[in-house]
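Notes to accompany the following structure.
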Amino acid sequence: MTTRTMELLVGVFVAAAIAALVFLALQVANNSDATRGETYTLVAKFDNIGGLKVRSPVKVGGVVVGRVSSIQLTGEYYEPIVEMQISTQYDAFPETSTASILTSGLLGEQYVGLEPGFIDDFVMMLEDGDEVPNTNSAIVLENLIGQFLFSQGEEG
Amino acid sequence: MINALVKLGRNTLSVLAGVGSASIMLFQSIVGKPQPLKMFPLLIRQLYVVGVQSMLIILISGLFIGMVLGLQGYTILVDFGAEQALGPMVSLSLLRELGPVVTALLFAGRAGSALTAEIGLMKATEQLSSLEMMAVDPLRRVVAPRFWAGFISMPLLALMFSAIGIYGGFIVGVQWLGVDDGAFWSVMQANVEWGQDILNGFIKSLVFALVVTWIALYKGYTAEPTSPGISAATTQTVVYSSLAVLGLDFVLTAIMFS
Amino acid sequence: MENLVEVKDVFFSRGETPIYEGVSLRIPRGKVTGVMGPSGCGKTTLLRLIGGQLKAHAGEVEFAGQNVAQLGRSDLYEARKRMSMLFQSGALFSDLTVFENVAFPLREHTQLSDNIIRTIVKMKLQSVGLRGAGHLYPSELSGGMARRAALARSIALDPELIMYDEPFAGQDPISMGMLVKLIKSLNETLGLTSIVVSHDIHEVMSIADHLVIFANKQVIAEGSPEELRNHDSELVQQFLTGAADGPVPFHYKSNPYHEDLLGGAQ
């Protein structure tokens, strides 16, 4: 085998590997802009985060705009505080917006649903590091059943 | 009891001595003044022997493993009405685990054993000694290009393995069993992360490449220069590198994905 | 007579087994020195000590006035460029043709152009009679041809010292004759110093100017062929004449024969 053929085949080998990498990067991996590129941070305090996890999606009307980057407890009452990385493409959430913890489907994973609020002259836009003031916590199934039974008991 | 402890101690010491001398060998071969002009043609040749010649077995195995994953995954997921999750199931198992691990195992069997046998034979026929007497360092001349070729090829082979495996899963899942085309790719894309899955899998295969190539070269270089010695060294290469890959895979998975 | 190599009171052991216990010898410059001795007495070890692949546990091995064991890596490599070794198996690189094998040391150690290298290689191949076999791979050569090709490779850099490790072992009479002639003529025409390690007494006696005989981990005799023929040691005489029994016994150390047989019956 001549050196030239060998070089050619090694070239084919490397090209095949690059093609595989491109395939994996473009076709297989998540390449929505919301999770890569420039982001800014919003935080939100909840009473209960349910099954929310780091890297859970943040959605507006079902469209992913960011991801949860950390979950911690703060303050003397140990409130869960959730930090989210939101794509700078979506940087105009008013301070009247609401963050809720929702579940996709009956058994699906939990995510943060952001709902943009109304805008008028007195409403400021949320900046990097700001807190979303209005939140709805996760619905915990056990509490819900408890409440239901309790209300049944009162009626009966 | 005492005897067992003595044996344990002796074995531990000999393993440590082996790791030590293997490290010295690797260090002496790859550390030093680089000579790109001399190294490059040797590297190309070894990339051909180690990489290109392993490509076929990797591609065929990858395709079949992806197809089996598609088939098995489908029959399980369809019971839960979750056949949409076939895409992420196939791609995540390949990218995180099967791609790096199976590639490393196949590589150890195909290229690792060949490296050990080749170097062992060069030692038995005094080619290594004769290099030394010609004032050419066999570590730099023989071991180093083979090490780099293995270290470079295996991650590339693992990428090909995963890519063609996902395609195999696609063929079985979508073309044959009728999972929705769009759902297959989009659910996959929603669940596969560049950094978390593809990059971590790539790092795994880099680590495996280092370990498998290193074991193969060390076993060849220290082989008893006789026929039974070389065949024993070849077997040891396959056994040790397979065990090392599976053990390290657990450790890496625990670090990366837990 | 000036000596190219001097070995002074060397002790060497492999593992627990002592190989040399106080060996001293000299290799005169420009001569063919034959090193003989029974199998397993460490003749090859001597060559590896001179080449610096092994280190003596005590004593000195000097090559051209330098203590080989104390040379640093780069000095050792410089010294090795001045010597070469013909291995028992030839040790040709199996993935290169004969031509490339001979060109290998030139490409490694010189900056010569391709044209000059081609000329030198052809000259070297011509001198061993293999100019027509340059395109063959080592696996296509007969044993004698492989050894001659290896010889061409070892003289490629025009060394001062060439060490032959069992050059006649396993050769048919014709290639043996060719090798004997080659060793002699190369030594004369190139002004080399040669060390021939062998136990083929007749061949070695016919070309050597100086002989060293090993036995019992020591040098038992050193001198010219005539001196050794008239040597008064029985051991030397047994070795030179190839007698089956003598100071080196035919029987491995054991109990007396009849005791052993009777003892087995008890």
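Assign one of three labels to segment B:1-64, namely rounded, prolate or oblate, based on the Cα gyration tensor with a ≥ b ≥ c the square roots of its eigenvalues; rounded applies when a/c is under 1.5, prolate when it is not and a/b is larger than b/c, and oblate otherwise. Oblate is the answer for segment B:1-64, as a/c is 1.5 or above yet b/c matches or exceeds a/b. Shape analysis of chain C places it in the prolate category; the axes a ≥ b ≥ c from the Cα gyration tensor give an a/c of at least 1.5, with a/b above b/c.
For a test of the definition: using alpha carbon positions, the gyration tensor, and the 1.5 limit on a/c, classify segment C:134-256 as rounded, prolate or oblate. Prolate shape, in that a/c is at least 1.5 and a/b is the bigger ratio.
Separation of segment B:206-258 and segment C:156-172 by C-alpha centroid, Å? If we compute the Cα centre of each part, the gap is 38 Å.
Highest mean packing first, where packing is the average number of other Cβ atoms within 10 Å per residue, the peptides A:123-133, C:29-39 line up as C:29-39, A:123-133. Above 33 Å lies some portion of the pair distances; for the protein assembly as shown, what is it as a whole percent of all C-alpha pairs? Here the long-distance tail beyond 33 Å is 64 percent of all Cα pairs in the protein assembly as shown. Charge dipole (Cα centre; +1 on Lys/Arg Cβ, -1 on Asp/Glu Cβ; no other charges) of chain C amounts to roughly 960 debye. Give me log10 I(q)/I(0) at q = 0.17 Å⁻¹ for segment A:41-127, Debye formula, one equal scatterer per alpha-carbon, no solvent. Computed log10 I(q)/I(0) values: -0.70. Sites listed here are GluC sites (Glu not before Pro) in segment C:1-62 whose DSSP assignment is loop and whose Cβ has at most 11 other Cβ atoms within 10 Å: C:E2, C:E16. Counting Cβ atoms of other protein chains within 10 Å of each Cβ in B:131-142 and taking the mean gives 6. Using Cα-only point scatterers and the Debye equation, what is log10 of I(q)/I(0) for segment B:3-129 at each q in 0.11, 0.14, 0.18, 0.20 Å⁻¹, rounded to two decimals? Cα-only, vacuum Debye calculation for segment B:3-129: -0.70, -0.90, -1.09, -1.20. Note on A:D128 and A:V14: the model spin-label points, each 7 Å out from Cα along the C-beta direction, lie 3.9 nm apart. Taking chymotrypsin sites (Phe, Trp or Tyr not before Pro) in DSSP loop conformation with at most 13 other Cβ atoms inside 10 Å as exposed sites, chain C has its longest uninterrupted site-free stretch at C:1-249. Positive-end ranking of C:Q218, C:P138, C:G170 along the dipole of segment C:126-223, with charges on Cβ about the Cα centre, is headed by C:P138.
The 3J(HN,Hα) values that the Karplus relation (6.51, -1.76, 1.60; θ = phi - 60°) gives for segment B:126-137 are, in residue order, 6, 5, 5, 4, 5, 4, 4, 5, 8, 6, 10, 6 Hz. Gly and Pro appear as x. When A:R55, B:R45 are sorted by how many other C-beta atoms sit within 10 angstrom of their C-beta, beginning with the fewest, the order is A:R55, B:R45. Between the residues B:F257, A:G66, B:T116, the greatest Cα displacement towards the positive end of the dipole of the protein assembly as shown, with unit charges on the Cβ of Lys, Arg, Asp and Glu, is found for B:T116.
Which of the trypsin sites (Lys or Arg not before Pro) across segment C:186-266 are loop residues per DSSP, with 14 or fewer other Cβ within 10 Å?
C:K253
For chain A, what is the convex hull volume of the alpha-carbon atoms per residue, in Å³?
Taking the convex hull of the Cα positions in chain A, it is 197 Å³ per residue.
When B:K33, A:K45, B:K204, C:K55 are ordered from fewest to most other Cβ atoms inside 10 Å of their Cβ, what list results?
Ordered by Cβ neighbours within 10 Å, fewest first: B:K33, C:K55, A:K45, B:K204.
Relative contact order of chain B, taken over Cα pairs closer than 8 Å and 6 or more residues apart, is 32 percent.
Screening chain B for whole DSSP H helices of 24 Å or more along their axis (Cα) with average Kyte-Doolittle hydropathy at least -1.0 returns B:2-30, B:53-77, B:144-170, B:200-221, B:227-257.
Annotation: aspartates and glutamates with alpha-carbon distance below 19 angstrom to A:K59 (same-chain offsets under eight excluded): A:D33, A:E38, A:E83, A:D91, A:E95, A:E109, A:E115, A:E127, A:D128, A:D130, A:E131, B:E193. Sum -39500 (n - 2.57) across every DSSP H segment of at least 4 residues in chain B, then divide by the residue count to get the 222 nm mean residue ellipticity, nearest 500. When only DSSP H runs of four or more count, the value is -25000 deg cm²/dmol. When each of B:W148, B:W176, B:W214 is scored by the number of other beta-carbon atoms lying within 10 Å, the sequence from fewest to most is B:W176, B:W148, B:W214.
What translational diffusion coefficient, to the nearest whole µm²/s, does segment A:77-132 have by Stokes-Einstein, given a Kirkwood radius computed over alpha-carbon pairs, a temperature of 20 °C and 1.002 mPa s viscosity?
Translational diffusion coefficient: 165 µm²/s.
No lab work stands behind these numbers, since they all come straight from the coordinates. Everything numeric here is computed off the predicted structure, so don't read it as measured data. FYI the Cβ positions are ideal-geometry reconstructions off the backbone, even for glycines, and counts take in every protein chain you see.
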